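Below is one structure; the comments refer to it alone.
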Amino acid sequence: MTATAKRVIVTGRVQGVFFRDTCRQTAAARGVAGWVRNLADGSVEALFEGEPEAVDALVEWARQGPPAALVEDVRVTEREPRGYADFTVRATGAPDGGG
């Protein structure tokens, strides 16, 4: 099966609620590679890469997030897979539209 990649921007109460670490754990459990980071505007950005069903499962997870999160919106865009080997938590940054 061919890998797919999706970038998500999650808004709401998504910082300070273990969103990034829970996302990393969930991605690792599903075999999804990529990264997640907080953005300066209070949202969270992530790139999920892997088997289509696993990536879609992570996108669905992001719609709720960890128990303490209050997700208001999730914007999803398709990306070209880059061959990430694992899933990492990145430093806070500004949205760059990149992947």
Kindly establish whether A27 is open to solvent by 10 Å² or more (accessible area, probe 1.4 Å), of a type in the set (A, V, I, L, M) and closer than 19 Å to T92 by Cβ. no
Restricting the search to segment 47-69, which residues are open to solvent by less than 60 Å² (accessible area, probe 1.4 Å) and not hydrophobic (A, V, I, L, M, F, W, C)? E49, G50, P52, G65, P66
If you check V55, V71, which single one turns out to be touching a strand residue (DSSP E or B) at 6+ places or on another chain (Cβ under 6 Å), assigned to a strand (DSSP E or B) and either among the hydrophobic types (A, V, I, L, M, F, W, C) or over 14 Å from F87 (Cβ atoms) (or both)? V71
Check off (1) in contact with a helix residue (DSSP H, G or I) (Cβ under 9 Å, 6 or more places away or on another chain); (2) open to solvent by less than 30 Å² (accessible area, probe 1.4 Å); (3) of a type outside the set (F, W, Y) for T22 and give me the number that stays unchecked. (2)
Note: among G16, G34, just one is assigned to a strand (DSSP E or B) and either β-branched (V, I, T) or on the phi > 0 side of the Ramachandran plot (or both), namely G34
Restricting attention to segment 23-78, the residues that are in contact with a Pro (Cβ under 8 Å, 6 or more places away or on another chain) and over 20 Å from G12 (Cβ atoms) number exactly 1
Extreme residue, farthest from V74 (Cα to Cα), among residues of segment 34-46 that are open to solvent by 10 Å² or more (accessible area, probe 1.4 Å) and touching a residue at least 40 places away in the same chain (Cβ under 8 Å): A40
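The values are calculated or read from the model by the stated rules, or taken from the named source; none is laboratory data. What you see is a predicted model; the values in this text were computed from it and never measured. Note that each Cβ is placed from the backbone with ideal geometry, even for glycine, and that neighbours are counted across all protein chains shown. Accessible surface areas use protein heavy atoms only, side chains included; no ligands, DNA or RNA. Shrake-Rupley method; radii C 1.70, N 1.55, O 1.52, S 1.80 Å.
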